[in-house]
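Please treat every number below as a calculation from the coordinates, not as lab data. It should be emphasised that the depicted structure is a prediction, and the values quoted were computed from it without experimental measurement. Here the Cβ is made from the backbone with ideal geometry for all residues, glycine too, and neighbour counts use every protein chain on show.
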Amino acid sequence: MAVQRSASADKIIVDRTKPSRNSEVARAIRRTRDRLAEQVGSPAFERELLKLHAHAMINTVVAMPLLVVLIAAAGLFAGMNIDLLLWAPLTMLGYAVLALVARRVERTPVNELSLGKWSKIFLLGHAVSGIGWAYFVYIQCDSCGLEPFPVVKAVILLLAIAVTAIIASALRGALVATFALPVAIFAAAGAPSWSPVDVLMVVLLAISLPFFTYVAGNFNRSAVMLLAFRSEKDALIAELETAKSMSDEARRRAEEANLAKSRFLASMSHELRTPLNAILGFSEVMATQVLGPLPNPTYRGYAQDIHDSGTHLLELINEILDLSRIEAGRYQLNEEAVTLANIVDECCHLMELRTSNKDIRITKEFERDMPRLYADERAIRQIALNLLSNAVKFTPSGGEIRVRVGWTAGGGQYVSIKDNGPGIPPDELPVVMSAFGQGAIAIKSAEQGTGLGLPIVQGLVQIHGGTFDLQSKLREGTEVVATFPASRVIEPMPALATVAVGGRRH
């Protein structure tokens with residue numbers, strides 16, 4: 001059996017079971033990501049990588065010079081010649097030039113960076129710093145007594161390559177520009193002897209340079225992905241900000257429209273009710289011939305029609321005002337202790353004339369000795385009358401309406417009204433639960449109604465903190481259940497014990 005259960009008093013006709021809004025959001029996000037993916041190789045990303053490289057060079061400006069100073073100090077301690085004192089300032093000068101270039105690039109706005117120009121300057125600076133390492137490879141130490149000195153130089157060069165691969169990973173080609181010449185000079189310096197140790201060190205350096213280049217390339221791709229994610233995040237934040245501003249504007253307009261609607265209804269209710277009361281009063285006087293006979297029976301019929309139409313219009317105005325107050329949260333409950341079964345029973349008696357005209361049976365199943373409910377009697381009566389009126393309207397002649405009042409599993413109370421009418425198709429359940437919504441069966445049968453009964457019932461039940469369920473199956477009937485929470489059930493107080501009080505009579 002199809003079930004329609006609403007958790008809010010919103011009467012906009014929206015089928016929330018359809019994922020149309022979710023699919024629209026998913027498509028928008030997919031378009032944004034596709035657009036960002038196309039920009040990964042764009043100049044904007046390359047400029048960001050150039051800025052990252054400059055930032056890394058500035059943050060590690062002390063690292064490589066400190067390594068150079070430590071190598072120079074260790075060499076002097078080992079007894080190397082004066083060439084080491086010339087190598088250290090030369091290499092530090094190369095890194096100082098790189099730091100100056102990085103400082104200039106970092107201070108330049110991203111959109112003003114010339115990508116080709118500054119990339120070439122950076123590569124040239126790395127090549128200049130590589131000259132210092134090439135000079136270090138060329139230095140010999142015959143007097144220091146270190147036989148495996150080429151091994152020491154190879155290890156130091158490997159350490160410098162590894163450090164540079166981490167620091168300069170944001171700029172492609174920086175590692176090769178720095179150490180291609182030192183590795184070539186190391187291989188050329190070891191060529192005359194071609195001892196096994198020299199060959200091993202040359203091979204190790206020849207393998208380490210492309211290996212660390214590959215590692216730097218992975219770091220570079222990771223940096224590109226981070227930039228892409230950051231750009232995507234910024235774009236999505238911008239879209240969310242735009243959507244939020246549009247939502248705020250739409251909410252502001254909706255609030256203004258709702259305020260205008262409330263003012264219009266408040267004004268028009270007075271303007272309409274005043275002439276309607278006169279129309280109803282005078283038409284009733286004419287139809288009942290209070291002031292004298294009306295000879296023409298057609299005129300008497302017209303007067304009765306005017307009275308009936310005015311009554312229907314007044315009921316419609318009252319329903320619209322009730323629904324507006326419920327939606328605006330201004331419906332005031334006059335709460336008191338009421339008996340739910342008694343109110344529903346009285347409403348069934350009020351509907352007896354209509355049910356007898358259509359030969360409809362009303363079966364009542366009320367649980368006995370139910371405690372009273374703390375609720376608004378007028379609202380409970382309106383709930384029961386609206387549900388009974390709908391049931392009578394759609395129940396065929398000779399049908400049956402079953403009315404039940406009882407306990408819920410959670411200790412609350414409920415009223416259930418079930419008919420054996422034509423039922424409601426599942427796709428029309430959101431329509432009949434919306435304001436002014438009518439199903440196809442009601443339209444085809446030309447049943448009189450405004451489509452406000454169920455929304456008003458739903459709103460009144462929710463104001464009491466309860467739930468409203470509509471269950472229907474085509475060609476089998478419809479059942480509506482209004483449930484009131486256990487917090488509104490008044491527990492009967494135990495009888496006070498009678499105590500005989502003795503004493504003097506005053």
message = How far apart, in nanometres, would the label points at A257 and D359 be if each is projected 7 angstrom from Cα along the Cα-to-Cβ direction?
response = 4.9 nm
inquiry  = Taking 0.36 nm per residue of sequence separation and subtracting the Cα-Cα distance, how much length would be gained by fully extending the chain between E336 and L115, in nm to one decimal?
reply    = 71.7 nm
D234 versus F77: modelled label distance in nm, points set 7 Å from Cα along the beta carbon direction = 4.8 nm
remark   = Most packed first (mean Cβ within 10 Å per residue), the peptides 390-397, 308-315 order as 390-397, 308-315
message = Students often check this: by mean Cβ neighbours within 10 Å, which of 92-104, 221-233, 125-137 ranks highest, and how do the rest follow?
response = 125-137, 92-104, 221-233
key: Ordering of 456-465, 244-253 by packing [mean C-beta count within 10 Å, highest first]   = 456-465, 244-253
Base-10 log of normalised Debye intensity for segment 209-349 (one unit scatterer per alpha-carbon) at q = 0.21, 0.22 Å⁻¹ = -1.19, -1.22
query = Could you give the length gained on full extension between S245 and L66, defined as 0.36 nm per residue of separation minus the Cα-Cα distance, in nm?
reply = 59.2 nm
key: Kirkwood Rh and Cα Rg combined as Rg over Rh, evaluated for segment 71-125   = 1.24
query = What is the gain in length, in nm to one decimal, between L313 and L86 on full extension, counting 0.36 nm per residue of separation less the C-alpha to C-alpha distance?
reply = 71.2 nm
remark   = One finds, for E367 and Q304 with R0 = 51 angstrom and r their Cβ-Cβ distance, a FRET efficiency to the nearest 0.05 of 0.75
query = Does segment 106-239 come out rounded, prolate or oblate, given a ≥ b ≥ c as the square roots of the eigenvalues of its C-alpha gyration tensor, rounded meaning a/c under 1.5 and, failing that, prolate meaning a/b above b/c?
reply = prolate
key: Viscosity 1.002 mPa s, temperature 20 °C, Stokes-Einstein D of segment 339-389 from Kirkwood C-alpha radius, µm²/s   = 182 µm²/s
